[in-house]
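Report on the following structure.
The values are calculated or read from the model by the stated rules, or taken from the named source; none is laboratory data. Predicted model only: the values in this text are computed from it and were never measured. Neighbour counts are summed over all protein chains in view; Cβ atoms, including those assigned to glycine, are modelled from backbone coordinates with ideal geometry.
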Amino acid sequence: MVPQAYYYLIINLLVILVPLIRSFDHRVAYYRRWRALFPAILITGAIFVVWDVYFTKIGIWGFNPTYLSGISAFGLPLGEWLFFVTVPYACVFIYEVLRYFIQTDWLGTYYKTITWIIFITSLLLGVCNYEKWYTATTFFGLFVLLGIHILLKFPGFLSRFYLSYIVCLIPFFVVNGILTGSGLDQPIVWYNDNENLGIRIFTIPIEDTAYGFFLLLLNTSLFEYFKKEFKT
């Protein structure tokens, strides 16, 4: 039986295992994109780690030591640091696989409307819940990021990203469900419900869906930028 102290690390391993192995499939050849992928992960991870460190320090969320290896830096356990590598790696892999195997751009007609809807909704949720730190920062951050994309005249990859995010929600609910307590006596990651809407999908705070969207959109946007820069 696996010791509980390794649960968070094992979750990270399971997240990245298949995408890493399949990175060398000759059809998608994901490994050829690493030159663009890893700078995107590094930049996005730096932003989210600063956010994570501060929110952990002031008690917006935290980590259950029962499920941690004991290795940490700046108040974040090793599993949390790896989360910002394994999850983007796996989700951008899904994005690339869908681009390769699905030739039809299913959301090509609708992606601008979808962007506007999420943009306005994020602003309203941020403004109406300005006193709740997790809710406000997540939705304001998403509002700003989408605003940049609107100013850039809706980059075409957005339609493909939205489709990939919908697919990524399947493993998202599995992984986040485990992290927030599904199937465990206690959650690996706990949240202060005074700083969020208090609405949960099973055990997952609803803000996590926007947080994940924010994380993956920034990773994918930078990935697409570096692909052009490096011509990968």
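Quick notes on this structure:
- Filtered by the rule that a residue be crowded, with 17+ Cβ neighbours inside 10 Å and either under 22 Å from Ala90 (Cα atoms) or modelled with pLDDT of 95 or more (or both), region 182-202 gives Pro187, Ile188, Val189, Tyr191, Glu195, Asn196.
- Residue within region 89-98 that is free of Cβ contacts under 8 Å to residues at least 40 places away in the same chain, surrounded by 13 or more Cβ atoms within 10 Å (Cβ to Cβ) and touching a Leu at 6+ places or on another chain (Cβ under 7 Å) present: no
- Residues of region 22-65 that are surrounded by fewer than 16 Cβ atoms within 10 Å (Cβ to Cβ) and of a type in the set (Val, Ile, Thr): Ile43, Ile47, Val50, Val53, Ile58.
- Filter result for the condition that a residue is of a type in the set (Phe, Trp, Tyr) and part of a loop (DSSP other than H, G, I, E, B), over Phe154, Phe161, Phe140: Phe154
- Glu229, sole failed condition from (1) of a type in the set (D, E, K, R); (2) over 17 Å from the mean Cα position of the chain (by Cα); (3) more than 23 Å from Pro65 (Cα to Cα); (4) surrounded by 17 or more Cβ atoms within 10 Å (Cβ to Cβ): (4)
- Hey, Tyr30 over 23 Å from Tyr162 (Cβ atoms) and not aliphatic (A, V, I, L, M) or not: no
- Within region 66-80, not a single residue is modelled with pLDDT of 95 or more, polar (S, T, N, Q) and buried (at least 17 other Cβ atoms within 10 Å of the Cβ).
- Matching residues in region 24-50 - criterion: being within 17 Å of Asn219 (Cα to Cα), small (Gly, Ala, Ser) and either in contact with a strand residue (DSSP E or B) (Cβ under 9 Å, 6 or more places away or on another chain) or free of Cβ contacts under 8 Å to residues at least 60 places away in the same chain (or both): Gly45, Ala46
- Any chance Tyr110 is more than 18 Å from Trp190 (Cβ to Cβ) and surrounded by fewer than 18 Cβ atoms within 10 Å (Cβ to Cβ): yes
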